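The values are calculated or read from the model by the stated rules, or taken from the named source; none is laboratory data. The model shown is predicted, which means the values in this text are computed figures rather than measured ones. Cβ placement follows ideal geometry from the backbone for every residue including glycine, while neighbour counts extend to all protein chains displayed. All accessible areas refer to the heavy atoms of the entire protein, side chains included, with ligands and DNA or RNA removed. Shrake-Rupley method; radii C 1.70, N 1.55, O 1.52, S 1.80 Å.
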Amino acid sequence: MGTLLEPAEVAECAIRGIEKEDFLILPHPEVKGYLQRKAKNIDQWLSGMRRFLARVQSPQASVDTQRKLEK
């Protein structure tokens with residue numbers, strides 16, 4: 001799932017982004033790739049998110065979540 005950033009790292013990134021008047025501030029380097037893949041193919045991204053949810057939730061919860069997402 002990638003590495004976690006310390007709150008101070010996120011704060012520094014946010015301050016730099018605000019100073020540069022960035023439209024979008026992405027503190028974690030991996031997030032830019034996620035965002036690009038999502039924009040490129042939203043259906044594929046949604047499918048990946050469903051698989052991710054199934055992995056991180058309990059077996060029964062993942063079945064319930066999958067049913068909700070399919071509706």
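At least 2 residues being at pLDDT 85 or above is the threshold, and among the helices (runs of 4 or more DSSP H) wholly inside the chain those reaching it are 7-19, 29-40, 42-56. Considered as a group, the residues in segment 19-56 that are closer than 19 Å to A8 by Cα and not acidic (D, E) include one that is least open to solvent (accessible area, probe 1.4 Å), and that residue is H28. Of all residues in segment 1-20, none that is within 30 Å of R55 (Cα to Cα) and hydrophobic (A, V, I, L, M, F, W, C) has its Cβ atom under 6 Å from the Cβ atom of a residue that is exposed (fewer than 10 other Cβ atoms within 10 Å of the Cβ) and modelled with pLDDT under 95, 6 or more apart or on another chain.
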